[in-house]
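Below is one structure; the comments refer to it alone.
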Amino acid sequence: MAIISIPSSTTMFPLPQQVLRQNREVVMAEEIGCARMLTLNRPNDLNYVSGKVALTLGQNFEKYENDDNADFVIIKGAGRTFSAGGDLHMFYDGRNTRDSCLEGTYRMYWLCYHIHTYKKPHIALVHGMSVGGGASLMAPMKFSVVTEKAFSSTPEINIGFHPDCGFSYMLPRLPGRLGEYLGLTGQKLRGKEVVAAGLATHFVPSQKLFQLEKRLMSLKNGDEDTIRSVINEFSSNIHIDERSILNKLSIINECFSKDSVEEIIESFEAEASRKGNDWIMPVLKSLKRASPTALKITLRSIREGRTQTISECLRREFRISINIQRAIISGDFYEGIRAQVIDKDKSPKWNPSTLDKVHDDQLDLIFKPFEDHDLELQIPINEEELYRWRGKYENSSYSHLNQVNVQKAFRSVSSRESVFV
């Protein structure tokens, strides 16, 4: 998931990327020697990740993991950006149809599990936007390379959603309470900050990125040390600007370690009044503008993720996302998309409108496991090898239920038509 925003300053990849833009495949797959390249190929749509994109990526990752001739996988984005995450128009258009986007959600989370547990080296080459679900195709990679034009964020709270696609697992594992800060504020990390925070492994200047790609594609094997050595040749050292948020971790740790969103805001407000903390006020305003329901869901999700495995986190995130899409306790998700993307008035009408009106028993409805275990995200819990690539959507209970509903609808239409025969 991701807020739609266009980078103010971007640089195009060299000609081969522009050629790819003309191809209608949502994901381009190339096989050169022992290397495999996957290119997100919706540049005019910020390389959004749709259900079809998630399906295609999953099919290729599975194929390459089981292919003895494939030693490593590279993923990148065509055009000016890596990926803006989920297609918000798709969710909004399906808001009045129950579970209209369930298949895409399932496929994306299933893909995320296999990226986190992939058996071969995988590399993300990131230039431009990498936010929300798009960042979930960057952060878990064995090697993730960003340029000075790259930026990353988890801004879901601004549309009444929550950091998902494995971010409730990744955010609490960042230094101190940085994960809570990023998840609750949606603030961006840029270039070298992404590496310093632990969401990427290498920083490479944009003018060297294409040459790095060529070198990687020419490797004769997928030895991790060899890949690392090649990337290191093109990498630059990390020096963080003194104004970076990463140099404010003492304040962040103090404020964002509090037990509740209300206490976090109160503590943050107290820090804002102190000399030299002018940077806090814009962040605080952004925090207060976010969906109260989404803020409480996000904090609880990140806190639970601190002690959970990636499988447990993804299963919980799937439940949360489906219940949010179903508007179990609030329609903030669709109102947030309307305000940010559809009408673009930037004035969402949250319901509930304040934090004190979002109660724990409501949140419990969002978090609780489904009564039918078969409706959970079907991914391995204990890394069972025999189960690894099973649990696909088409083999799930959801797919079966969807087929039954389609058949019922067809029979209903057929019976009505027969009246006029």
Open item on the list: Looking only at segment 190-233, how many residues end up being acidic (D, E), free of Cβ contacts under 8 Å to residues at least 60 places away in the same chain and crowded, with 20+ Cβ neighbours inside 10 Å?
Closed with: 1
Task: Filtered residues of segment 103-138 (kept if hydroxyl-bearing (S, T, Y) and over 15 Å from the mean Cα position of the chain (by Cα)) - done: T117, Y118
Task: Residue check for A135: in a helix (DSSP H, G or I) and not aromatic (F, W, Y) - done: yes
TODO: Report, by residue number, each residue of segment 157-182 that is open to solvent by less than 10 Å² (accessible area, probe 1.4 Å) and of a type in the set (S, T, Y).
DONE: S168, Y181
Open item on the list: Can you confirm whether K275 is surrounded by fewer than 13 Cβ atoms within 10 Å (Cβ to Cβ), assigned to a helix (DSSP H, G or I), of a type in the set (K, R) and without any contact (Cβ under 8 Å) to a residue 24 or more places away in the chain?
Closed with: no
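Quick grid of which residues meet (1) without any contact (Cβ under 8 Å) to a residue 12 or more places away in the chain; (2) hydroxyl-bearing (S, T, Y); (3) open to solvent by less than 30 Å² (accessible area, probe 1.4 Å):
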residue: D332; (1), (2), (3): no, no, yes
residue: N351; (1), (2), (3): no, no, no
residue: T354; (1), (2), (3): no, yes, no
residue: D364; (1), (2), (3): yes, no, no
residue: Y393; (1), (2), (3): no, yes, yes
- [ ] State whether one or more residues within segment 237-252 are over 30 Å from E180 (Cβ atoms) and in contact with a Lys or Arg (Cβ under 6 Å, 6 or more places away or on another chain).
- [x] no
Open item on the list: Within segment 46-66, does at least one residue satisfy the condition of being in a loop (DSSP other than H, G, I, E, B), farther than 24 Å from K188 by Cα and either open to solvent by 20 Å² or more (accessible area, probe 1.4 Å) or modelled with pLDDT under 95 (or both)?
Closed with: yes
Open item on the list: If a residue must be open to solvent by 20 Å² or more (accessible area, probe 1.4 Å) and within 22 Å of S100 (Cβ to Cβ), how many such residues does segment 334-349 contain?
Closed with: 7
- [ ] Name the single residue, out of those in segment 286-319 being part of a loop (DSSP other than H, G, I, E, B) and β-branched (V, I, T), that is most open to solvent (accessible area, probe 1.4 Å).
- [x] T307
Task: Neighbours by Cβ (under 7 Å, 6+ apart or cross-chain): first from segment 135-149, more than 18 Å from R228 (Cβ to Cβ) and of a type in the set (K, R); second modelled with pLDDT of 95 or more and open to solvent by 20 Å² or more (accessible area, probe 1.4 Å) - done: K149/S206
Open item on the list: Among (1) among the hydroxyl-bearing types (S, T, Y); (2) open to solvent by less than 80 Å² (accessible area, probe 1.4 Å); (3) part of a helix (DSSP H, G or I), there is one condition S236 misses while meeting the rest; what is its number?
Closed with: (3)
TODO: Return only the number of the condition from (1) without any contact (Cβ under 8 Å) to a residue 24 or more places away in the chain; (2) in a loop (DSSP other than H, G, I, E, B); (3) loosely packed, with under 14 Cβ neighbours inside 10 Å that A270 does not satisfy.
DONE: (2)
- [ ] Go through segment 67-86 residue by residue and tally those that are surrounded by 24 or more Cβ atoms within 10 Å (Cβ to Cβ) and assigned to a loop (DSSP other than H, G, I, E, B).
- [x] 5
- [ ] Look at H127 and say whether it is under 25 Å from L209 (Cα atoms) and touching a Pro at 6+ places or on another chain (Cβ under 6 Å).
- [x] no
Task: Condition check for I381: modelled with pLDDT of 95 or more and among the hydrophobic types (A, V, I, L, M, F, W, C) - done: no
- [ ] Determine, yes or no, whether W389 is hydrophobic (A, V, I, L, M, F, W, C), surrounded by 12 or more Cβ atoms within 10 Å (Cβ to Cβ) and at pLDDT below 95.
- [x] yes
- [ ] Return yes when I322 is in a helix (DSSP H, G or I), more than 23 Å from the chain's Cα centre (by Cα) and among the hydrophobic types (A, V, I, L, M, F, W, C) and no when it is not.
- [x] no
- [ ] Report whether or not H359 is under 24 Å from D99 (Cβ atoms), open to solvent by 30 Å² or more (accessible area, probe 1.4 Å) and over 22 Å from the mean Cα position of the chain (by Cα).
- [x] no
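The values are calculated or read from the model by the stated rules, or taken from the named source; none is laboratory data. On a predicted model such as this, the values are computed, not experimentally measured, just so you know. All Cβ positions, glycine included, derive from the backbone under ideal geometry; neighbour counts span all protein chains shown. All accessible areas refer to the heavy atoms of the entire protein, side chains included, with ligands and DNA or RNA removed. Shrake-Rupley method; radii C 1.70, N 1.55, O 1.52, S 1.80 Å.
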